[in-house]
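Quick one: this structure, given as structure tokens, is what I'll be asking you about.
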Amino acid sequence: FKYVLNIDDAVNEKLDDIHEINEVSVVIDKRSMMYAEGAVIDYLDDMNERGFKVINPNAKSTCGCGSSFSL
């Protein structure tokens with residue numbers, strides 16, 4: 001599986017779950033939601049890391065770059 005973060009204006013309320021976090025809408029398609037349940041999205045901006053980081057307690061293993069995982 002792979003994490004993808006995009007800015008998208010198209011939301012399908014039948015297919016997507018919408019979460020408001022600090023006045024920002026985060027949309028996850030319902031099919032993917034079962035794999036992302038309990039995950040935390042953080043933004044890092046320091047000397048070692050910069051960008052979004054997904055911490056997923058459901059992932060059994062991840063790649064070195066943190067953009068993909070397996071269950």
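The values are calculated or read from the model by the stated rules, or taken from the named source; none is laboratory data. Note that the coordinates shown come from a computational prediction; the quantities given were computed from them, not determined experimentally. A quick note on method: Cβ atoms are made from the backbone with ideal geometry, for glycine too, and the neighbour counts reach across all protein chains shown. These area figures cover heavy atoms from the full protein model, side chains too; ligands, DNA and RNA do not enter into them. Shrake-Rupley method; radii C 1.70, N 1.55, O 1.52, S 1.80 Å.
A quick yes/no check of all residues on (1) modelled with pLDDT of 90 or more; (2) closer than 19 Å to residue 58 by Cα:
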position: 4; (1), (2): no, yes
position: 10; (1), (2): no, no
position: 16; (1), (2): yes, no
position: 21; (1), (2): no, no
position: 32; (1), (2): no, yes
position: 42; (1), (2): no, yes
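Can I ask one more? Say we look at the stretch 57-69 and pick out the residues that are within 27 Å of residue 15 (Cβ to Cβ) and surrounded by fewer than 10 Cβ atoms within 10 Å (Cβ to Cβ); which of these is modelled with the lowest pLDDT?
60
When only residues in the stretch 21-56 that are assigned to a loop (DSSP other than H, G, I, E, B) and open to solvent by 100 Å² or more (accessible area, probe 1.4 Å) count, which is nearest to residue 9 (Cα to Cα)?
So, considering only residues that are assigned to a loop (DSSP other than H, G, I, E, B) and open to solvent by 100 Å² or more (accessible area, probe 1.4 Å), the one nearest to residue 9 (Cα to Cα) is 23.
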